[in-house]
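Remarks on the structure that follows.
Taken together, the values in this text are just the output of simple stated rules run on the coordinates, not laboratory data. As the structure is a prediction and not an experimental result, all values here were calculated from the model. For neighbour counting, all protein chains shown are included, and Cβ atoms are generated from backbone atoms with ideal geometry for every residue, glycine included.
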Amino acid sequence: MPAHVLVLGGTTEARRLAADLATRPGVRVTTSLAGRVARPGALPGEVRTGGFGGPEGLADWLRAHRVDALVDATHPFAESITDHAARAARATGVPAVVLRRPGWRPGPGDRWYDVPSLAAAAEALPGLGRRVFLTTGRLGLAAFAHLADLSFLVRSVDPPEPPLPPDTAVVLARGPFTVTGETELLRAHRIDVLVTKDSGGEATAAKLTAARGLGLPVVVVRRPALPAGVTAVPDVAGALERLGFGPA
């Protein structure tokens, strides 16, 4: 059994995993946060904030802090850190687990448009609607900044930084959200197209149900592929099993 587990992430799954590990006798858990959210929620165990300095820096940290197992439970779109974690694990021989909640899938009545990137989402928008609910987070909004003929409602946990589209209203909120609340928001702002990343999970899935109920098109940015040779487990139970732990 690993005595020191480093968990990368600030996701719901990362928090659940840290909470479980913190209850196990003889196990030290450290959660690493990127620091992009100004006021993250409290976490059990030890917490560090900020980058490592690339895969080499992460490898050095694993050695210096005698980490026995590494769990990458970052956001499905945190492509760089996932690559760095895989490379650091190979360099040090530290066993690594990738924890990724399953992506969303369309259901009956959904009008989804899959795109590979934020730039592709911006390119698709003019043909789908003028009033856009943009829920891709506060990073990467520059991809939409040139769309001066569209009106945007942007939702994020912290205030977004420019450049932004000229006609942009900002809502600061943190999930989970309800279908009723999302439906009311879409109606109040007269939204006619939704843009989201395929983050998966339940906390922000209500907007998809609300969009279905209102017959709105949804532009879905698909998540990047995992590094070559890396596989993922879909839930905390799977991560614990990979680490060699049974149920709490």
Karplus 3J(HN,Hα) series, Hz, for region 187-195 with 6.51 cos²θ - 1.76 cosθ + 1.60 (x for Gly, Pro): 5, 4, 9, 6, 5, 10, 7, 10, 10
Compactness relative to 2.2 N^0.38 Å, alpha carbon Rg of region 53-104: 1.13
Amide H within-cut-off set for Arg223, under 5 Å, with H built and near neighbours excluded: Asp198
Under-5 Å amide H pairs with Thr31, H placed in peptide plane, nonlocal only: Val7, Glu46, Val47, Arg48
Integer Hz, Karplus 6.51/-1.76/1.60 couplings in order for region 148-164, x for Gly and Pro: 6, 8, 10, 10, 10, 10, 10, 10, 7, 6, 10, x, x, 9, x, x, 10
Dimensionless Rg/Rh of the chain - Kirkwood Rh, Rg from C-alpha atoms: 1.00
GNM top mover of Leu186, Leu147, Leu139 - the chain, alpha-carbon springs below 10 Å: Leu139
Stokes-Einstein diffusion coefficient of region 1-108, Kirkwood radius over Cα pairs, 4 °C, 1.567 mPa s, in µm²/s: 91 µm²/s
Region 95-225 shape via C-alpha gyration tensor axes, a/c threshold 1.5: rounded
Phi to ³J(HN,Hα) by Karplus 6.51 cos²θ - 1.76 cosθ + 1.60 over region 224-236, Hz, x for Gly, Pro: x, 6, 6, x, 4, x, 9, 10, 10, 9, x, 8, 4
Built amide H within the under 5 Å cut-off of Arg138, gap 5+: Val157
Charge dipole of the chain about the Cα centre (unit charges at C-beta), most positive-ward option of Leu6, Leu128, Leu240: Leu240
Convex hull volume of region 127-198 per residue (C-alpha atoms, cubic angstrom): 93 Å³
